[in-house]
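Notes follow once the structure below has been shown.
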Amino acid sequence: MTTTPGETLPLWQASLPGRPLAGLTVLVVEDSRFASEAVRLLCLRSGARIRRADCLRSAARHLQTYRPSVVIVDMGLPDGDGADLIRQIATAEPRVPVLLGISGDPLLHDAALEAGADGFLSKPIESLAVFQQMILSALPAQSKRGGLRALPDDVIQPDASSLRDDLIHVAEILSDSQDTSAVDYIARFLAGVARSAHDPALEEAASALARDHQAGHALAGDLVRISGMVQDRLARVAEI
């Protein structure tokens with residue numbers, strides 16, 4: 001059976017031995033290169049094809065051209081709220097078969113489901129078994145195959161170059177000291193990156209920035225601290 005460019009195989013062909021997501025196309029809407037690289041590796045190991053959008057506008061262009069089998073939406077995007085995109089996709093006809101939210105903040109689980117997501121992935125996304133099971137369990141009933149399936153215990157780790165790209169992105173935003181409107185985005189983005197990279201000190205610094213901004217406190221000290229930590233991490237990545 002052949003398909004045209006951009007067309008996915010029928011969902012009933014998805015669960016093939018060793019490559020349980022073969023035939024599926026995954027659109028990941030994620031501004032973090034590190035997180036999207038993790039999803040790319042998971043898709044590669046699972047047999048799925050992947051497309052990436054880094055913002056709401058880019059996601060809209062993809063969805064106008066292709067009908068993916070799975071859409072994974074980050075809850076915090078540079079040009080808007082991921083929950084709004086989830087809500088839009090969930091109510092569109094025909095509906096995307098599998099729609100998932102993703103975030104480094106597990107407290108956004110309920111917001112993703114309330115917006116219409118079928119499930120929620122919490123960063124860091126490293127377990128092949130969790131990734132595959134989340135998608136397979138959300139597939140429509142007619143596309144599932146019966147019987148037990150062995151779950152792989154593999155854990156993936158993205159290349160350090162994708163982490164470097166995220167850190168450079170934060171450093172570039174921080175270099176514009178006049179752009180105070182970006183504080184919320186910096187805090188949210190950096191916390192997710194730090195969580196994915198297993199860097200609790202950087203994650204706490206990002207969380208402190210978010211708390212101080214919400215409380216109306218002065219942010220100069222937080223921003224200087226974060227800038228120094230980002231430069232330190234960039235130096236470490238360069239040595240790898």
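Miscellaneous remarks
- Within region 214-226, being in a helix (DSSP H, G or I), surrounded by fewer than 17 Cβ atoms within 10 Å (Cβ to Cβ) and not hydrophobic (A, V, I, L, M, F, W, C) holds for Q214, G221, R225.
- Verdict on P97 being within 17 Å of V26 (Cβ to Cβ) and buried (at least 17 other Cβ atoms within 10 Å of the Cβ): yes
- For region 71-88, the set of residues classified as in contact with a Cys (Cβ under 9 Å, 6 or more places away or on another chain) and crowded, with 16+ Cβ neighbours inside 10 Å consists of L77, P78, listed by residue number.
- Qualifying positions in region 56-70 - in a helix (DSSP H, G or I) and surrounded by fewer than 24 Cβ atoms within 10 Å (Cβ to Cβ): L56, R57, S58, A60, R61, H62, L63, Q64, T65
- Residue that is nearest to L41 (Cα to Cα) [pool: residues in region 147-191 that are open to solvent by less than 80 Å² (accessible area, probe 1.4 Å) and modelled with pLDDT under 75]: P152
- Restricted to region 103-119, and to residues there that are open to solvent by 20 Å² or more (accessible area, probe 1.4 Å) and of a type in the set (A, V, I, L, M, F, W, C), the residue that is modelled with the lowest pLDDT is L107.
- Single match in R40, R19 (criterion: open to solvent by 70 Å² or more (accessible area, probe 1.4 Å) and at pLDDT 95 or above): R40
- Taking region 26-70 as the range and being closer than 19 Å to I186 by Cα and of a type in the set (D, E, K, R) as the test, the residues that pass are E30, D31, R33, D54.
The values are calculated or read from the model by the stated rules, or taken from the named source; none is laboratory data. Quantities reported herein were computed from a predicted structural model and do not represent experimental measurements. We place every Cβ from the backbone using ideal geometry, glycine too, and count neighbours over all the protein chains shown. The accessibility values were calculated without ligands, DNA or RNA, using every heavy atom of the protein model including side chains. Shrake-Rupley method; radii C 1.70, N 1.55, O 1.52, S 1.80 Å.
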